[in-house]
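Okay, structure first, notes after.
The values are calculated or read from the model by the stated rules, or taken from the named source; none is laboratory data. Only a predicted model underlies this, so the values are computations on that prediction, with no experimental measurement involved. Ideal geometry is used to build each Cβ from the backbone, glycine not excepted, and the neighbour counts take in all protein chains shown. Just so you know, the surface numbers come from the protein's heavy atoms only, side chains and all, with ligands and any DNA or RNA stripped out. Shrake-Rupley method; radii C 1.70, N 1.55, O 1.52, S 1.80 Å.
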Amino acid sequence: MAVEIVGCGIAGLTAFVDMIQQFSRTAGSHDELLALFPPVGSQIDAVIEQIHRWHPPVSVRLSIRPADLESLVRSCDFCGERITLTPGGDALVLDSRSIDGPGSHTVISHRHCLAERIRPENGGERARALKIGWMC
């Protein structure tokens, strides 16, 4: 499926729309059907679930599931507890990349789970882990 992510300047980007939920249920109305299966060429809202930069081209997995548009729920990669990804929330999404080669890895974490894993003597970084991304 070819998509254009408006405002994204990454050349050679490939994107995949998560259609799993769409195939597991039926639509109750025509509007719901259009939300689940948008017409070709339409502009829709989606959230980015994953970005893979392991090998070129960059691959992005998008979701148009109604529940994901409200908030994404995943598991913390440190403690395993469920975590809701929302702007200004308790979740951090860490994208780590090597300086000398291709690839990346994404870690989803509670703020406190990351802060607890930073050495106690590095108090500044612990404090930043608890504050990064907060709007206020």
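Computed quantities for the displayed model
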read-out	value
Potential extension, LYS131-ASP77 segment - 0.36 nm per residue separation minus Cα distance	17.5 nm
Placed amide H near GLU49: partners under 5 Å, 5+ positions off or other chain	ARG61, LEU62, SER63
List HIS112, HIS30, ordered by accessible area with a 1.4 Å probe, largest first	HIS30, HIS112
Accessible area, probe 1.4 Å, largest first, for residues ARG61, ARG111	ARG61, ARG111
Extent along principal axes [Cα atoms of the stretch 71-136; Å; largest to smallest]	33, 31, 24
Distance in nm between pseudo-label sites at SER98 and ILE48 (7 Å out along the Cβ direction from Cα)	2.2
Two-site FRET efficiency, VAL107 against LEU69, from Cβ-Cβ distance with R₀ of 22 Å, rounded to 0.05	0.40
